[in-house]
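This report concerns only the one structure given below.
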Amino acid sequence: MSRTERLLALLQLLRAHRFPLPGARLAAELGISLRTLYRDVATLQAQGADIEGEPGLGYVLRPGFMLPPLMFSAEELEALVLGSRWVASRTDEPLGVAARTAIAKIAAVLPGELRDELDAAALLIGPGQPPTTVDLAALRGAIRAERKLRIAYFDLQGRGSQRTLWPFALAFFDHVRMLAAWCETRQDFRHFRVDRITAFEVLGERYPRRRQALLAEWRTQNDIPPQ
């Protein structure tokens with residue numbers, strides 16, 4: 001663990017508790033000596049952290065101190081890079097551009113040590129994006145705006161149908177994209193493979209329930225934990 005990571009971890013520990021924590025406990029959780037802990041506390045106090053306490057009595061972080069907004073551990077940075085690379089290679093072009101832009105913004109304001117960690121991330125995404133002719137960005141827009149969709153769809157048996165949907169989620173698997181929606185025809189939740197949607201229209205009408213409520217009910221019905 002780098003010194004930057006250690007200082008951030010110490011702040012997180014203090015922030016998670018309302019009452020003073022003994023120095024021995026803090027040192028044990030961080031895997032450092034008491035002497036190093038005292039030095040780190042002094043460093044944070046010098047940088048403006050309102051940490052009260054002293055050796056033998058414990059330490060508490062008073063409300064009001066804001067953590068530095070862009071401080072990450074090495075694993076957090078790897079998660080961000082891996083996620084952005086997956087999005088860039090597995091979703092639609094606008095979302096891919098947004099992922100690359102977000103990482104560039106993060107990199108621009110990171111401390112030098114962490115920027116080096118970001119640049120050195122060695123987790124890669126292999127090929128495998130499924131082909132699709134459907135405008136995924138338009139589907140995502142309909143979900144965000146809670147707009148009804150009218151689709152032309154062919155099922156696995158090749159039977160065609162017209163459906164009016166309340167779309168609330170889009171799932172990205174390695175080899176298929178699935179649209180989760182409330183189907184007005186079936187009066188129930190249904191899942192539609194995006195590659196089997198031959199045409200769709202985003203309607204001007206909003207569906208009558210909130211997207212969050214539909215998603216929560218769908219998770220409960222399908223025993224899917226929140227992500």
Discussion item. What percentages make up the Cα-Cα pair-distance distribution of segment 46-163 when the bins are 10 Å wide from 0?
Written reply: 10, 25, 23, 19, 13, 6, 3, 0
Fill in: Mean separation of Cα contacts under 8 Å, 6 or more apart, over the residue count of the chain: relative contact order %
13
Discussion item. How much accessible area per residue does segment 69-111 have, counting only protein heavy atoms and a probe of 1.4 Å, in square angstrom?
Written reply: 53
Worksheet item: Dipole of the chain (Lys/Arg Cβ +1, Asp/Glu Cβ -1, origin at the Cα centre): which of Ala46, Val87, Tyr153 lies farthest to the positive side?
Response: Tyr153
Worksheet item: Which distance in Å, rounded to a whole number, links the C-alpha centroids of segment 96-163 and segment 186-223?
Response: 18
Practice prompt. Express the C-alpha Rg of segment 98-184 as a ratio against the empirical globular expectation 2.2 N^0.38 Å, rounded to two decimals.
Written response: 1.56
Fill in: Percent of C-alpha pairs per 5 Å bin, the chain, short to long
1, 6, 11, 12, 11, 10, 10, 9, 9, 8, 6, 4, 2, 1, 0
Item to complete: Report, to the nearest 10°, how far helix 34-46 tilts away from the longest principal axis of the Cα atoms in the chain, using its own Cα long axis and a range of 0 to 90°.
Response: 70
Worksheet entry | Residue-averaged 222 nm ellipticity for the chain, from DSSP H runs of 4+ at -39500 (n - 2.57), nearest 500 | -13500 deg cm²/dmol
Fill in: Cα centre as origin, Lys/Arg/Asp/Glu Cβ charges: segment 96-206 dipole, Debye
540
Practice prompt. Could you tell me which trypsin sites (Lys or Arg not before Pro) in segment 15-110 are loop residues by DSSP with no more than 12 other beta carbons within 10 angstrom of their beta carbon?
Written response: Arg18
Worksheet, complete the sentence: In whole percent, the fraction of accessible protein surface over the chain that belongs to carbon or sulfur atoms, probe radius 1.4 Å, stands at 55
Worksheet entry | Rounded tilt (10° steps) of 74-90 against the dominant C-alpha axis of the chain | 20
Fill in: Inter-site label distance for Arg144 and Ala16 at 7 Å from Cα along Cβ, in nm
3.4
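The values are calculated or read from the model by the stated rules, or taken from the named source; none is laboratory data. For clarity, every value in this text was computed on a predicted model and none was experimentally measured. Glycine gets a Cβ as well: all are built from the backbone with ideal geometry, and neighbour counts include every protein chain shown. Just so you know, the surface numbers come from the protein's heavy atoms only, side chains and all, with ligands and any DNA or RNA stripped out. Shrake-Rupley method; radii C 1.70, N 1.55, O 1.52, S 1.80 Å.
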